[in-house]
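Asks: Structure in structure tokens, see below.
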Amino acid sequence: MTLRVLKASDVFPMIQIINKIGIRNIKDIVTPEQIKEFQKNKDGDNTSILGFNIVMEFVGLILDNLPLIEQDLYKFLAGLAETSPEEIRDLDLGTFTNLIVDVIQKPEFGDFMKAVSRLVK
């Protein structure tokens, strides 16, 4: 499944999801320094230990909170994949999880999280 580039209108559904997860929970797993280091390495080896840890922490946090964010996540991913929330809901578990990882690894997502992390120092 191909994802389009994140744009300004994606901030609103992302904030809804973040609010339900809890900004403090995100702050606890990702520091501005980690994001900066990950961004610095994004043109090189994205499989660095730091990058892997950040992605896995986010995926874990999303999956831990899935009952709270389920519908919002389906809508958000559907918008990025230019499909329907129902199609996202019907994906097999591997494809669904890979889709979440793909979003988290997008450079625009890292830029957004870097900005958010500065707000909650």
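Asks: Taking the residues in region 1-21 that are among the basic types (Lys, Arg) and under 13 Å from LEU80 (Cβ atoms) as candidates, determine which candidate is modelled with the highest pLDDT. So that I can check it myself, show each step before the final result.
Replies: The initial filter retains those residues of region 1-21 that are among the basic types (Lys, Arg), namely 4, 7, 20.
Still in the running and under 13 Å from LEU80 (Cβ atoms): 4, 7.
Working: ARG4: 95, LYS7: 92.
Per the criteria, the residue is ARG4.
Asks: So, one more: When you go through ASP72, ASP102 one by one, which is the residue that is at pLDDT 90 or above, out of contact with any Gly (no Cβ under 7 Å at 6 or more places or on another chain) and under 14 Å from MET1 (Cβ atoms)? Let's see the steps before the verdict.
Replies: Numbers: ASP72 fails: under 14 Å from MET1 (Cβ atoms).
Among ASP72, ASP102, only ASP102 is at pLDDT 90 or above, out of contact with any Gly (no Cβ under 7 Å at 6 or more places or on another chain) and under 14 Å from MET1 (Cβ atoms).
Asks: Return the only residue of GLU87, GLU108 being free of Cβ contacts under 8 Å to residues at least 24 places away in the same chain and assigned to a helix (DSSP H, G or I). Don't jump to the end; show me each part of the working.
Replies: Working: GLU108 fails: free of Cβ contacts under 8 Å to residues at least 24 places away in the same chain.
Exactly one residue qualifies, and that residue is GLU87.
Asks: Given (1) part of a helix (DSSP H, G or I); (2) at pLDDT below 85, where does THR95 come up short, assuming only one miss?
Replies: Condition not satisfied by THR95: (2).
The values are calculated or read from the model by the stated rules, or taken from the named source; none is laboratory data. A quick note: this is a predicted structure, and the numbers were derived from the prediction, not measured. Backbone-built Cβ (ideal geometry, glycine too); neighbour counts: all protein chains shown.
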